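Participant: Dropping a structure here in structure tokens format, bear with me for questions.
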Amino acid sequence: MIHRQDTPASWSFRQTVYLLAMIIGLTISHFPAHARTLVIEGLEEPPLKWLSGKKPQGIDVDIMTEILREMDIDDYEFRFVNSGRRLLHNAKQGFSDIVLTLSQNDARSAYLLYPEENHLLLDWRFAIRAEDIDTIHFDDYSDLRAYRMGAAAGYSYTPTFWGSELDIETVARNDLLIPMLLEKRFDVVPVNYLSTVYETIQNGSRSEIAFLQNPLRRAAYYNTFSRASDYPDKETFLARYDEILRDMRHDGRLVAIFRRYLGQDGLDLWKSQYGN
């Protein structure tokens, strides 16, 4: 058998290869075993989230993007599905990781992890014509009995609303309420505050309507994590999510996102939710 004698150069080369292998091994060990693209799903609901061309945008998209930037996570994808049923099915099966903008209930909590912090309070409020802002107010349903009330058939609003003994005329579609209000066919209509503000800004009629301040319904909404997802360290992710969202609330980043899409109404929304 012939033995080849090592030269200083070959020994140095082997040392270098060994050190590189050690460095690569140590580096890999610091990454999660199943690190992959984070899949974030939602329904298209302007101004919260929608696709503009191929670019996702909206209040929730911007909030989530800022939080992921703080976490140094850049491998993520926003996906939009066409039905709430598909959205929840994907979360149950672990086909998605994060689901945007859901209220909390026991049924959903069985397959979704909720953060401690909600990022949004969504109101249903009564809309009126701006010219009536000094005339119509709402502290109790009896305050509205003298006015023509419109509502969309099939919308739950609240049991108290339907049992209020108001003279309510129903229409087939929710999107008819504001046009019929402005045509003076109704005096008061219950609407989703956030989407109505955005839509009337877009169509130029925002200055023609006003909102009664006391909401008839308010609910907290969250960005949730699928329990079935195999994305690593979900609980750690949510703890960090809560921490960053609290920072955004206090340092002005959250209100800046609201104002980006809603202007002055974004500031008013902020004040109504957080009282500052």
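The values are calculated or read from the model by the stated rules, or taken from the named source; none is laboratory data. The structure displayed is predicted, hence computed values, not measured ones. Cβ: placed from backbone, ideal geometry, glycine included. Neighbour counts: every protein chain shown. Protein only, heavy atoms only, side chains kept; ligands, DNA and RNA dropped before computing areas. Shrake-Rupley method; radii C 1.70, N 1.55, O 1.52, S 1.80 Å.
Participant: If contacts are Cα pairs under 8 angstrom and at least 6 residues apart, what is the relative contact order of the chain in percent? Mind showing how you got there, number by number?
Facilitator: Numbers: 394 pairs, mean separation 70.2, N = 276.
RCO, the chain: 25 percent.
Participant: Give, as a single signed number, the net charge of other residues whose beta carbon lies under 14 Å from the beta carbon of Leu182, with Lys and Arg counted +1 and Asp and Glu -1. Please report the intermediate quantities before stating the final value.
Facilitator: Details: positive: Arg129, Arg148, Lys184, Arg185, Arg206; negative: Glu131, Asp132, Asp175, Glu183, Asp187, Glu199, Glu208.
Result for the local shell: -2.
Participant: Using a/c under 1.5 as the rounded threshold, could you call region 39-95 rounded, prolate or oblate? The axes a ≥ b ≥ c are square roots of the C-alpha gyration tensor eigenvalues, and prolate needs a/b larger than b/c, oblate otherwise. Display every interim value, and only then the final one.
Facilitator: Values: a/c = 2.12, a/b = 1.24, b/c = 1.70.
Judged from the Cα gyration tensor, region 39-95 comes out oblate (a/c at least 1.5, b/c at or above a/b).
Participant: What stretch of the chain, leaving out the sites themselves, is the longest with no GluC sites (Glu not before Pro) in a DSSP loop having at most 14 other Cβ atoms within 10 Å? Working shown, then result.
Facilitator: Numbers: sites that count: Glu44, Glu116, Glu165, Glu183.
In short, 184-276.
Participant: Do the sum for the chain: with -39,500 (n - 2.57) for every DSSP H run of n ≥ 4, divided by all residues, what is the mean residue ellipticity at 222 nm, to the nearest 500 deg cm²/dmol?
Facilitator: Theoretical 222 nm ellipticity from helices: -12000 deg cm²/dmol.
Participant: Give the angle, between 0 and 90 degrees and rounded to the nearest 10, that separates the Cα long axis of helix 8-29 from the longest principal axis of the Cα atoms of the chain.
Facilitator: 30
Participant: Just add up the charged neighbours of Glu66: K/R +1, D/E -1, any other residue whose Cβ is under 15 Å from the Cβ of Glu66.
Facilitator: Numbers: positive: Lys49, Arg69, Arg240, Arg246, Arg249, Arg253, Arg259, Arg260; negative: Asp60, Asp62, Glu70, Asp72, Asp74, Glu117, Asp242, Glu243, Asp247, Asp251.
Local charge sum for Glu66: -2.
Participant: Then there's this: Using the Cβ atoms and a cut-off under 10 Å, what net charge is assigned to the surroundings of Arg36, where Lys and Arg are +1 and Asp and Glu are -1?
Facilitator: Working: positive: none; negative: Asp75, Asp97, Asp230.
Residues close to Arg36 contribute a combined charge of -3.
Participant: Select from His89, Leu120, Leu68 the residue farthest towards the positive end of the dipole of region 53-198; place +1 on Cβ of Lys and Arg, -1 on Cβ of Asp and Glu, and compute about the Cα centre.
Facilitator: His89
Participant: A further question on this structure: How big is the charge dipole of region 192-276 about its Cα centre, in debye rounded to the nearest 20, if each Lys and Arg gets +1 on its Cβ and each Asp and Glu gets -1 on its Cβ? If you can, show how the numbers build up before the last one.
Facilitator: On the way: 12 positive and 11 negative charges, 33 e Å.
Taking the Cα centre of region 192-276 as origin, the dipole is about 160 debye.
Participant: Roll a 1.4 Å probe over the protein heavy atoms and report the accessible area of Val99 in Å², nearest 10.
Facilitator: Estimated to the nearest 10 Å², Val99 gives 0 Å².
Participant: Pairing the Cα long axis of helix 193-203 with the longest principal axis of the chain, what angle in degrees results, from 0 to 90 and rounded to the nearest 10?
Facilitator: Tilt of helix 193-203: around 90 degrees.
Participant: Rounded to the nearest 20 Debye, what is the dipole magnitude of region 103-216 about its Cα centre when Lys and Arg each give +1 and Asp and Glu each give -1 at the C-beta? Please report the intermediate quantities before stating the final value.
Facilitator: Numbers: 9 positive and 18 negative charges, 72 e Å.
With only Lys, Arg, Asp and Glu charged at Cβ, the dipole is about 340 debye.
Participant: Let me ask something else. Assuming a ≥ b ≥ c are the square roots of the Cα gyration tensor eigenvalues, decide whether the chain counts as rounded (a/c under 1.5), prolate (otherwise, with a/b larger than b/c) or oblate. Please list the in-between numbers first.
Facilitator: Values: a/c = 3.37, a/b = 2.84, b/c = 1.18.
Verdict is prolate for the chain.
Participant: First compute the accessible area of the chain with a 1.4 Å probe, then give the percent of it belonging to carbon and sulfur atoms. Intermediate results must be reported in sequence, preceding the final value.
Facilitator: Numbers: 7760 of 15360 Å².
Within the chain, the accessible surface is 51 percent carbon and sulfur.
Participant: Quick one: grab the alpha carbon gyration tensor of region 124-220, order the square roots of its eigenvalues as a ≥ b ≥ c, and give me rounded if a/c is under 1.5, else prolate or oblate depending on whether a/b is larger than b/c. Write down the numbers at each step before the final one.
Facilitator: Numbers: a/c = 1.35, a/b = 1.24, b/c = 1.09.
It is rounded, given that a/c, with a ≥ b ≥ c, falls under 1.5.
Participant: What relative contact order, as a whole-number percentage, does region 140-199 give when Cα pairs under 8 Å and 6 or more residues apart are counted? Mind showing how you got there, number by number?
Facilitator: Details: 66 pairs, mean separation 24.3, N = 60.
Over region 140-199, the number comes to 40 percent.
Participant: Residues with amide H under 5 Å of Ser226's amide H, sequence separation 5 or more or different chain, H placed in the peptide plane at 1.01 Å from N; which?
Facilitator: HN-HN under 5 Å from Ser226: Ile98, Val99, Leu113.
Participant: Taking only protein heavy atoms into account and a 1.4 Å probe, give the accessible area per residue of the chain in Å².
Facilitator: Numbers: 15360 Å² over 276 residues.
Value returned for the chain: 56 Å² of accessible area per residue.
Participant: Which one, Phe225, Leu38, Leu238, is farthest towards the positive end of the dipole of the chain when Lys and Arg carry +1 and Asp and Glu -1 on their Cβ?
Facilitator: Checking the options against the dipole of the chain, the answer is Leu38.
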